[in-house]
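A.B. asks: There's a structure below that I have some questions on.
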Amino acid sequence: MTGKMKLFENYSLKELNTFHIDVKAKRFIIVENVNELKELFNSSELSAVKFLTLGGGSNILFTKDIDDTIIHLSFNQLSELKSDDNFVYLKAEAGLIWDDLVKYSVEKNLGGIENLAMIPGTVGAAPIQNIGAYGQELKDTLVEVEFYDLIENKIRCLSNEQCQFGYRDSVFKNELKNKFIITSVTFRLSKNPVPVLNYGNVSNELSKSGIKNPTVKDVSNIIRKIRTEKLPDPDLIGNAGSFFKNPFVEEQILQQIRKKFPDVPSFNQENKIKIPAAWLIEKSGLKGFRKGNVGTYPNQPLVIVNYGNATGTEILEFAMFIQKTVLEKFNIQLEPEVNII
Ligand SMILES: Cc1cc2nc3c(=O)[nH]c(=O)nc-3n(C[C@H](O)[C@H](O)[C@H](O)COP(=O)(O)OP(=O)(O)OC[C@H]3O[C@@H](n4cnc5c(N)ncnc54)[C@H](O)[C@@H]3O)c2cc1C
């Protein structure tokens, strides 16, 4: 081990994943800056070892103890790179808590990520699945991603376009899978914010509050209110947000479903038809369904919750039961959004 890197053995991950699964990592290393990361991968010790990067553990389901090494990045500086008449460019290091970045931008009245308020986790994980909520996605404001390339053993940058963002998708889940550690992300936020209000009940909630010309702060406060009412707080009930992605379906499947359910909701994204997975789960009779320690959350059936001391395997089996039931009923295969380890 080099420098002042912190290494722990047989380290409990219970408080480091939002499902609160009680597993241990054989080795857990906290890396405090990019140079330490470089040193780590240049040391013969780690070059041969398998490892996993862990941020806030809010998009991960552990089903077993981790025999590999876990790397956790603690560097979290935020710096303003430049600013012009219209935009401010911010560079955020990977370990920064995502919602702290949202709060900072809201305080400065900068627009672009206010609808992504209250998404748990770190900046470093955010590009991997192109986090999104309430009509905004990370890709709308992301300029570039800096990462450590584990194949070429050096720091590299990818532009927004090179990241190949899609719905909960990016190059990091495909070609670059397991070949990178994200070290920072640069954003371009607007000094003349245009609120995005056409998703869910955002505009309803705003009009209920009597707000006519909402500021960035008003919008983010409304999002916080909606999310608090709808989603379980992982500190109180273990969960990882939406367990499944909303499936893309063929027009013909939608038509078939419409025969039986004329009110089936659907929307277009990336020129494809999507049906909300929450609706499919609800219509399969699984809203608020519970088996032992695991269940779907009554207010939002797309969220699988750990009501007690569930194991990762119990949660995985429950998720597979949901997949099977939805497949049998609708002929649609749900795909997990959560990373299953
Ligand atoms: C209550 C709740 C609500 C949520 N709501 C939303 C939502 O509205 N929209 C949404 O998109 N997501 C949502 N999520 C999912 C989650 O918050 C995001 O996916 C988040 O970006 C995960 O960040 P993390 O740091 O916790 O990642 P982790 O769970 O620690 O890691 C996720 C994946 O990224 C990898 N990883 C993490 N950091 C790095 C890094 N620096 N370099 C390389 N790989 C890395 C991990 O190995 C893992 O494969 C929600 C989760 C919860 C619990």
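Each value in this text was obtained by applying a stated rule to the coordinates, not by laboratory testing. Just so we're clear, the structure is a prediction, and the values are computed from it rather than from any experiment. Using ideal geometry, Cβ is built from the backbone for each residue, glycine included, and neighbour counts are taken over all protein chains shown.
A.B. asks: Long-range amide H contacts for Thr69: which residues qualify at under 5 Å (H placed 1.01 Å from N, peptide plane, sequence gap of 5 or more or a different chain)?
C.D. replies: Close amide H contacts, sequence-distant or interchain: Lys50, Phe51, Leu52.
A.B. asks: Same structure again: Which ordering of Glu93, Glu175 is given by a fewest-first count of other beta-carbon atoms within 10 Å?
C.D. replies: Glu175, Glu93
A.B. asks: Efficiency by 1/(1 + (r/R0)^6): what FRET value for Val196 and Ile151, r their Cβ-Cβ distance, R0 = 35 Å, to the nearest 0.05?
C.D. replies: Efficiency, from the Cβ-Cβ distance: 0.40.
A.B. asks: Which value in nm describes the separation of the simple spin-label points at Ser83 and Lys103, placed 7 Å from the Cα toward the beta carbon?
C.D. replies: 2.0
A.B. asks: Work out the length of the dipole vector of the range 6-73 about its Cα centre, built from +1 on the beta-carbon of each Lys and Arg and -1 on the beta-carbon of each Asp and Glu, and round it to the nearest 20 debye.
C.D. replies: Approximately 120 debye in magnitude.
A.B. asks: Given the C-alpha atoms of the range 93-145, compute the convex hull and give its volume per residue in Å³.
C.D. replies: Convex hull volume per residue, Cα atoms: 75 Å³.
A.B. asks: Moving on to the next point. Quick check on the range 1-115: of the DSSP beta bridges with both residues there, what percent are antiparallel, nearest 5%?
C.D. replies: 55
A.B. asks: Rounded to two decimal places and with Rh computed the Kirkwood way over Cα pairs, what is Rg over Rh for the range 78-230?
C.D. replies: Dividing the radius of gyration by the Kirkwood radius yields 0.99.
A.B. asks: Another question about this same structure. Mind putting a number on the dipole of the range 149-241 about its Cα centre? Charges go on the C-beta only, +1 for Lys and Arg and -1 for Asp and Glu, and I need it in Debye to the nearest 20.
C.D. replies: Computed charge dipole of the range 149-241: roughly 240 debye.
A.B. asks: Could I ask something else about it? Going by Cα centres, the range 189-233 and the range 282-341 are how many Å apart?
C.D. replies: Centre-to-centre distance over Cα atoms comes out at 29 Å.
A.B. asks: Another question, if that's okay. Report the local net charge at Glu152: Lys and Arg +1, Asp and Glu -1, summed over other residues whose C-beta lies under 13 Å from its C-beta.
C.D. replies: Summing Lys/Arg as +1 and Asp/Glu as -1 gives +3.
A.B. asks: Sticking with this one: In 10 Å bins starting at zero, report the fraction of Cα pairs in the chain per bin as a rounded %.
C.D. replies: Histogram of Cα-Cα distances, whole percents per bin: 5, 23, 32, 27, 11, 2, 0.
A.B. asks: Still on this structure, I have one more. At q = 0.15, 0.20, 0.29 Å⁻¹, what log₁₀ I(q)/I(0) does the range 69-109 have when each alpha carbon counts as one equal point scatterer in the Debye sum?
C.D. replies: Debye curve over Cα of the range 69-109, log10 I(q)/I(0) at q = 0.15, 0.20, 0.29 Å⁻¹: -0.43, -0.67, -1.06.
A.B. asks: What's the tally of Lys pairs in the range 6-73 whose alpha-carbon atoms lie under 18 angstrom apart, where the two lysines are 8 or more places apart or on different chains?
C.D. replies: 13
A.B. asks: OK, next. Using a simple charge model, +1 on the beta-carbon of Lys and Arg, -1 on the beta-carbon of Asp and Glu, nothing else, what dipole does the range 78-230 show about its Cα centre, in debye to the nearest 20?
C.D. replies: 380
A.B. asks: If you take every residue apart from Val196 with its C-beta less than 13 Å away from the C-beta of Val196, what net charge results, scoring Lys and Arg +1 and Asp and Glu -1?
C.D. replies: Residues close to Val196 contribute a combined charge of -4.
A.B. asks: Then there's this: Choose one of Val326, Val145, Tyr11: the residue whose Cα lies farthest towards the positive end of the charge dipole of the chain (beta-carbon charges +1 Lys, Arg; -1 Asp, Glu; about the Cα centre).
C.D. replies: Val326
A.B. asks: Moving to a separate point now. Can you tell which of Asn35, Thr186, Gly288 lies farthest toward the positive end of the dipole of the chain, using +1 and -1 charges on the Cβ of basic and acidic side chains (Lys, Arg; Asp, Glu)?
C.D. replies: Gly288
A.B. asks: If you bin every alpha carbon distance in the range 238-340 into 10 Å steps from zero, what whole percent lands in each bin?
C.D. replies: With a bin width of 10 Å, the distribution comes to 15, 49, 27, 8, 0.
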